[in-house]
Amino acid sequence: MTSKPVLLTVDDDPGVSRAVARDLRRRYGEAHRIVRASSGQEALEALKELKLRGEAVAAILADYRMPEMNGIEFLEQAMDLFPRARRALLTAYADTDAAIQAINLVDVDHYLLKPWDPPEEKLYPVVDALVETWRASADSAVEEIKIVGHRWSAPTYDARDFLARNAVPYRYYSIDEPEGRRLLDAAAADPTEIPVVITTEGRALLAPTPAEIAAAVGLTVDPVTDFYDLIVVGGGPAGLGSAVYGASEGLRTLLVERQAAGGQAGQSSRIENYLGFPDGVSGAQLTDRARRQAIKFGAEMLTARDVTALEVQGSARAVRFGDGSTIAAHAVILATGVSYRNLAATGCAELTGRGVYYGSAMTEAPECANRDVYIVGGANSAGQAAVFFSRHARSVTLVVRGESLHSSMSHYLIQQLEAIDNVHVRTRTTVGEAHGGEHLEGLRLDHADGTSEKVETSHLFIFIGAQPKTDWLDGVVERDEHGFVWTGPDLLLDGRRPTGWVLGRDPYYLESSVPGVFVAGDVRAQSVKRVASAVGEGAMAVTLVHRYLEER
Ligand SMILES: Cc1cc2nc3c(=O)[nH]c(=O)nc-3n(C[C@H](O)[C@H](O)[C@H](O)COP(=O)(O)OP(=O)(O)OC[C@H]3O[C@@H](n4cnc5c(N)ncnc54)[C@H](O)[C@@H]3O)c2cc1C
């Protein structure tokens, strides 16, 4: 039997604490368990226990002013345990600073001013909204998805990464442990068939594809209809920006994402320079908010669907999926971003997913405890990852080909890295070889002076630049020699419009060489590779879509 989802309240004032719990119990007691704590520490202990028992937490109401650990500090730690529990902060008066800090740090959903009498007017509408949002999230429905696998199996890593990036909670069982073996036996699977994904209804999928996992855990994989006003390809910041603006402005909008919403930004441990977040925001938080916002406005979002072709069908623009099916729209926005370049070092390809990872691979963080971790790359993404992993690993070594970080990394990040004791930077160095059996065991580092050294490590994270994967657009839209898609004025050669262009006007600023096909974000030739610009272009592309639709 599944237990009732918890509503947790924490306040150091016993009178207030009792009153909140009483009011909550009165209205929510039947369907929820109300848990009360009198300090942040006590509440964290309670949350840890709930986690171990596999219980769900729907919402947390925390007092702001508490001694030792204030409400924001508490909520920040609570999020590590229950990231999808909705959060409200209780403040004695309108404390603007605290409020701003809370928005940035812990993504607070609501504020409650004390006292909240009468609760029918002031408390319950807020808690209703929290509970409703939580119910609509994956957390409530899929609490007991299980993954059975092995830490050094690349397909296991891929499945865990896929669920984590789609914010689908799951419990992981290793086949090295008795419970893992038991589940494997129950699913009639053998160890070569991992991962085994067991759904909440108890259905076991052996070595499933991402699309099979997506469908089984309740992510949308099939479009509701076959014609839309706007199809957005790619669910990174640019695509999410397009979906939010498209849907909010009344366009029937479908977003198609190959892997998980958030794109590169979703993998960032802390984005420090996005407007409005003075304390930074994690990519996962930003993605979660954007995705909820897009869905709230009515955008449809398909996950684990790969677009493999774009076709012009008269005035319609059709996209083809990997399985051969197609859907069409009046207009398309390409927001497919870029993907990491592969590291050519010997042994890397074989060990990918088994100690060698592209991008931050944040699900690996707990595995890095007491280990020496290596990161390749000298740009901001590598720097952010070094800061992130320094909190988990014994040491982090940044392997940088160039003379110094100064030409490739932002000044603020270099300063942050310099202040962290367990981060080391090796410049003029490359990874020559990765070796290991079942998993990564060591690297050969090659120095610019011709010498080499061998180091032992179980984790290598690679951030060596990125390229657009747009071969599927070959012959349809014009691209530069690296595969970035040309748009707007860049398409005009000596004032001449692109070949096949039939309209009596020039292509709009973000329009490709095919009218009605727009491009936003990193995949666009000459674009600024930033979250803010991607979101901005996503919004602007929608405005141009409107203009295009009006002239037809
Ligand atoms: C680790 C890291 C840290 C970063 N930190 C910062 C930072 O602090 N500040 C900052 O401004 N920028 C940062 N960036 C850069 C920023 O994340 C990117 O500029 C931004 O994400 C680009 O957004 P996008 O939507 O254009 O593309 P992407 O984020 O690349 O998203 C593209 C999406 O399209 C999907 N896709 C691709 N092809 C297909 C297809 N054929 N069918 C369906 N879906 C497809 C991909 O799966 C992906 O989800 C960082 C990047 C990384 C990797």
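The values are calculated or read from the model by the stated rules, or taken from the named source; none is laboratory data. What you are looking at is a predicted structure, and each value in this text was computed from that prediction instead of being measured. As a convention, Cβ positions derive from the backbone with ideal geometry for all residues, glycine included, and neighbour counts pool all protein chains shown. The area values use the complete protein model at the heavy-atom level, side chains included, leaving out ligands, DNA and RNA. Shrake-Rupley method; radii C 1.70, N 1.55, O 1.52, S 1.80 Å.
What the table shows:
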quantity	calculated
Where a residue in the range 489-507 is more than 20 Å from Ala541 (Cβ to Cβ) and its partner, wherever it lies, is among the small types (Gly, Ala, Ser) and assigned to a loop (DSSP other than H, G, I, E, B), with Cβ under 8 Å and at least six apart	Thr499/Ser513; Gly500/Ser513
Which numbered condition Thr253 misses (of (1) more than 13 Å from the ligand (Cβ to nearest atom); (2) open to solvent by less than 10 Å² (accessible area, probe 1.4 Å); (3) at positive phi)	(3)
Check on Pro118, modelled with pLDDT of 85 or more, open to solvent by 40 Å² or more (accessible area, probe 1.4 Å) and under 18 Å from Arg36 (Cβ atoms)	no
Condition broken by Ala294, with the remaining ones in (1) without any contact (Cβ under 8 Å) to a residue 60 or more places away in the chain; (2) in a strand (DSSP E or B); (3) open to solvent by less than 20 Å² (accessible area, probe 1.4 Å) satisfied	(2)
Pick from the range 515-552, criterion part of a loop (DSSP other than H, G, I, E, B) and within 15 Å of Leu230 (Cβ to Cβ), ranking: farthest from the chain's Cα centre (by Cα)	Arg552
Any strands (runs of 3 or more DSSP E) falling wholly within the range 162-209 and containing at least 3 residues that are open to solvent by less than 50 Å² (accessible area, probe 1.4 Å) and at pLDDT 90 or above	196-198
Checklist (1) in a helix (DSSP H, G or I); (2) over 22 Å from Val338 (Cα atoms) applied to Arg444, failing item	(1)
Test: Leu491 is among the aliphatic types (A, V, I, L, M), surrounded by fewer than 15 Cβ atoms within 10 Å (Cβ to Cβ) and out of contact with any helix residue (DSSP H, G or I) (no Cβ under 9 Å at 6 or more places or on another chain)	no
Residue, farthest from Ala520 (Cα to Cα), within the range 256-282, restricted to residues that are in a strand (DSSP E or B) and within 7 Å of the ligand (Cβ to nearest atom)	Ile271
The range 210-239 - residue that is in a helix (DSSP H, G or I) and open to solvent by less than 10 Å² (accessible area, probe 1.4 Å) and, of those, farthest from the ligand (Cβ to nearest atom)	Ile213
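Yes/no matrix, rows are residues, columns are (1) among the polar types (S, T, N, Q); (2) modelled with pLDDT of 95 or more:
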| position | (1), (2) |
| --- | --- |
| Gln467 | yes, no |
| Asp474 | no, yes |
| Val477 | no, yes |
| Gly483 | no, yes |
| Leu492 | no, yes |
| Gly500 | no, no |
| Glu511 | no, yes |
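Yes/no matrix, rows are residues, columns are (1) within 14 Å of the ligand (Cβ to nearest atom); (2) in contact (Cβ under 8 Å) with a residue 24 or more places away in the chain; (3) not charged (D, E, K, R):
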position: Asp288; (1), (2), (3): no, yes, no
position: Val307; (1), (2), (3): yes, yes, yes
position: Ala328; (1), (2), (3): no, yes, yes
position: Leu334; (1), (2), (3): yes, yes, yes
position: Thr352; (1), (2), (3): no, yes, yes
position: Met362; (1), (2), (3): yes, yes, yes
position: Val376; (1), (2), (3): yes, yes, yes
